[in-house]
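Shown next, in structure tokens, is the structure this report addresses.
The values are calculated or read from the model by the stated rules, or taken from the named source; none is laboratory data. Just so you know, these numbers come straight off a predicted model, no measurement behind them. Cβ placement follows ideal geometry from the backbone for every residue including glycine, while neighbour counts extend to all protein chains displayed.
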Amino acid sequence: MTGLHRYLLRAPKEEIYYISWTIDAYEGVAFVKNENEPGLLSIFCTADYIGETEKIISAFESEGIKIERLREDYDYGEV
């Protein structure tokens with residue numbers, strides 16, 4: 001089993017669909033879970049894809065999407 005890495009982020013509500021859709025397009029790299037609070041989301045990836053996931057999040061930021069990185073958890077759960 002491999003541990004999951006979790007990024008807990010806050011993003012504008014109107015960008016959540018775009019973020020989810022884009023990450024989904026990177027098949028197998030990461031997945032998004034909307035949390036119970038508007039604008040709050042978790043992005044999960046395995047250790048093998050931390051670098052790629054970081055690049056994707058940074059690309060959103062460079063596009064001007066205001067992302068607040070609230071927390072990172074290593075070994076959040078198992079796949």
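Summary table below
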{"item": "Scope segment 1-17; condition surrounded by fewer than 16 Cβ atoms within 10 Å (Cβ to Cβ), in contact (Cβ under 8 Å) with a residue 12 or more places away in the chain and not in a strand (DSSP E or B); matching residues", "result": "Met1, Thr2, Pro12, Lys13"}
{"item": "Count of segment 17-31 residues which are within 15 Å of Arg69 (Cα to Cα) and either of a type in the set (Phe, Trp, Tyr) or at pLDDT below 95 (or both)", "result": "0"}
{"item": "Tally, over segment 38-79, of residues that are farther than 13 Å from Ile19 by Cα, part of a loop (DSSP other than H, G, I, E, B) and either out of contact with any Gly (no Cβ under 6 Å at 6 or more places or on another chain) or at pLDDT 95 or above (or both)", "result": "5"}
{"item": "Where a residue in segment 56-74 is surrounded by 11 or more Cβ atoms within 10 Å (Cβ to Cβ) and its partner, wherever it lies, is assigned to a loop (DSSP other than H, G, I, E, B) and at pLDDT below 95, with Cβ under 7 Å and at least six apart", "result": "Ile56/Tyr26"}
{"item": "Scope segment 33-55; condition in contact with a Phe, Trp or Tyr (Cβ under 9 Å, 6 or more places away or on another chain) and either small (Gly, Ala, Ser) or crowded, with 19+ Cβ neighbours inside 10 Å (or both); matching residues", "result": "Leu41, Ser42, Ile43, Phe44, Cys45, Ala47, Thr53"}
